[in-house]
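Worksheet: the structure to be examined is printed underneath.
Computed from the coordinates by the stated procedures, all read-outs in this text should not be read as laboratory data. The model shown is predicted, which means the values in this text are computed figures rather than measured ones. Cβ: placed from backbone, ideal geometry, glycine included. Neighbour counts: every protein chain shown.
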Amino acid sequence: MNKSRIITIIVIVVLLVAAYFLFKGRYNNMVVLEEGISEKWSQVENNYQRRADLIPNLVNTVKGYADHEQETLTEVVEARARATSVTVKPEDLNTESIRQFQQAQDGLSSALSKLLVVVERYPDLKANQNFRDLQVQLEGTENWITNARRKFNESTFDYNSYIRTFPNNLLAGIFGFGKMPYFEGVQGMEQAPEVKF
């Protein structure tokens, strides 16, 4: 074999090895960022589930004081059932699935707001220690939900930015890494529901 052919083979091997390590690192970064979105979405769902888990206790506490408010209590229970029935697997995250999830959660927020208006009519209930404890937990959970959504969006931003920059966009296209949707508020829901007892 002549010397120029050996040099050509060595250059090709070096370029292939360099390309492998360059693409391997970028590909692995995309995987890690995508998994980060999945983890953050799980935290969003976890916090909404925590809120849903507080509702039976809240309804039972209110029921003891406001038994004749059965329609409102039933509405809260039904909204909770709808909200917990809508789940989105991380691999199914898209704008429509997030919208449906948020719509179910907004229905629960609306029902809770109506319940809290009812509570205003019962001073003894507002003074009940169990009710006050639930109030604190519910307020804390609403804050956790807000933070989880913010972290999900931050993670989505990092991922989307990474896969859309050159040359990552070429590799993302080859391996099927697509843009992920953000968690966006529903029109008219610019503020978190206010929880007052």
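For the reader, a short list of remarks on this structure follows.
- Long-range neighbours under 8 Å by Cβ, at least six apart or interchain, first residue in contact (Cβ under 8 Å) with a residue 40 or more places away in the chain and β-branched (Val, Ile, Thr) within region 117-138, second in a helix (DSSP H, G or I) and surrounded by 15 or more Cβ atoms within 10 Å (Cβ to Cβ): VAL118/VAL62; VAL118/THR72; VAL119/VAL62; VAL119/LEU125; VAL119/LYS126; VAL119/PHE131
- Evaluation of ARG82 against the conditions (1) surrounded by 13 or more Cβ atoms within 10 Å (Cβ to Cβ); (2) among the basic types (Lys, Arg); (3) under 16 Å from ARG149 (Cα atoms) shows that the sole unmet condition is (3).
- When residues of region 49-81 are limited to those that are small (Gly, Ala, Ser) and assigned to a helix (DSSP H, G or I), the one nearest to LYS126 (Cα to Cα): GLY64
Listed here are the residues, each with its yes/no results for (1) farther than 30 Å from GLU39 by Cβ; (2) surrounded by fewer than 18 Cβ atoms within 10 Å (Cβ to Cβ).
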| residue | (1), (2) |
| --- | --- |
| LEU73 | yes, no |
| GLU78 | yes, yes |
| ILE98 | no, no |
| SER110 | no, yes |
| VAL119 | yes, no |
| ILE145 | no, no |
| ASP158 | no, yes |
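- Of all residues in region 7-23, none are surrounded by 18 or more Cβ atoms within 10 Å (Cβ to Cβ) and in contact with a Leu (Cβ under 7 Å, 6 or more places away or on another chain).
- Test: PHE101 is in a helix (DSSP H, G or I), among the aromatic types (Phe, Trp, Tyr) and more than 30 Å from MET180 (Cβ to Cβ): no
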